[in-house]
Amino acid sequence: MTTSRMFPPMLAVAVFLALALSGLQPHDRTTWVMETCWVMVGLPLLVVVWRRFPLSPLLCCLLALHALVLIVGGHYTYSEVPLGHWLQDALDLSRNPYDRIGHLMQGFVPAILVRELLVRTSPLRGSAWLAPLTVCACLAFSAFFEMIEWWSALAGGSAADAFLATQGDPWDTQWDMACALLGAIVSLLLLSRVHDRQLARYGTAVEARRSTERQTV
């Protein structure tokens, strides 16, 4: 239990260190702030609510991975990430595909986050509506993010090009939303059973710990 209780703080520290390092001479400071603001807000928020609403280990790992994807994209800008250039050359692509990876993650990780919130706070646990509503929520967030990019382009003009990362693709918005949709569907297909088993075990452990804490107080 001690190891499992230390795991989330260790992930949080790793993400914080990665964020701090990425802020050292990023490719574009404004883009770095815009891309990593989700981590800057999300990490402190998780720390604040953790005692009342700790997350499953699976979700913690996924959130940390998503944070690292955002941090790397913020440091280099999505169109200049070295991994993306390597994939572009290896697969003979016409553009750096790292932003596609980012939008796949934008569906893959939030799918488990939304699913966990719905399972733990609503009557949808075990319902046939759980998966469709989770996918709809992820697609809605993806659409909202595209609107944020649109507003940023209107406000920043050419200065927002690195944040948009369209790389001259007129269908970039549609591709982004399609990637998020695909990511959400794949995530539910691959991880739902694992997530359910983990929630059952983790929920019991959390309740036992809370009971012990209440008795101690």
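Couple of notes before you dig in:
- Value of relative contact order over the stretch 94-155, rounded to a whole percent, pairs C-alpha under 8 Å and six or more apart: 34 percent
- For the stretch 1-74, chymotrypsin sites (Phe, Trp or Tyr not before Pro) are listed when DSSP marks them as loop and at most 12 other Cβ atoms sit within 10 Å of their Cβ; the list is empty.
- Surface accessible to a 1.4 Å probe, H85 within the full protein complex, Å²: 70 Å²
- Solvent-accessible surface (1.4 angstrom probe) belonging to V69, in square angstrom, nearest 10: 20 Å²
- Karplus-derived 3J(HN,Hα) values for the stretch 106-119, using 6.51 cos²θ - 1.76 cosθ + 1.60 with θ = phi - 60°, are 5, x, 5, 7, x, 4, 6, 4, 4, 4, 5, 4, 5, 5 Hz; glycine and proline are entered as x.
- Hydrodynamic estimate: the Kirkwood radius of the stretch 47-161 over Cα pairs, inserted into Stokes-Einstein at 25 °C and 0.890 mPa s, corresponds to D of 151 µm²/s.
- Among the protein heavy atoms, those of L113 account for about 60 Å² of accessible surface (1.4 Å probe, every chain in place).
- Two-site label geometry, R29 and Q198: point separation in nm, points 7 Å out along Cα→Cβ: 3.8 nm
- Solvent-free Debye scattering, log10 I(q)/I(0), computed from the Cα coordinates of the stretch 17-85 at q = 0.21, 0.26 Å⁻¹: -0.86, -1.12
The values are calculated or read from the model by the stated rules, or taken from the named source; none is laboratory data. Everything quoted here is computed from the prediction, not taken from an experiment. As a convention, Cβ positions derive from the backbone with ideal geometry for all residues, glycine included, and neighbour counts pool all protein chains shown. Ligands, DNA and RNA are stripped out before the accessible areas are found, and what is left, the full protein with its side chains, is counted by its heavy atoms. Shrake-Rupley method; radii C 1.70, N 1.55, O 1.52, S 1.80 Å.
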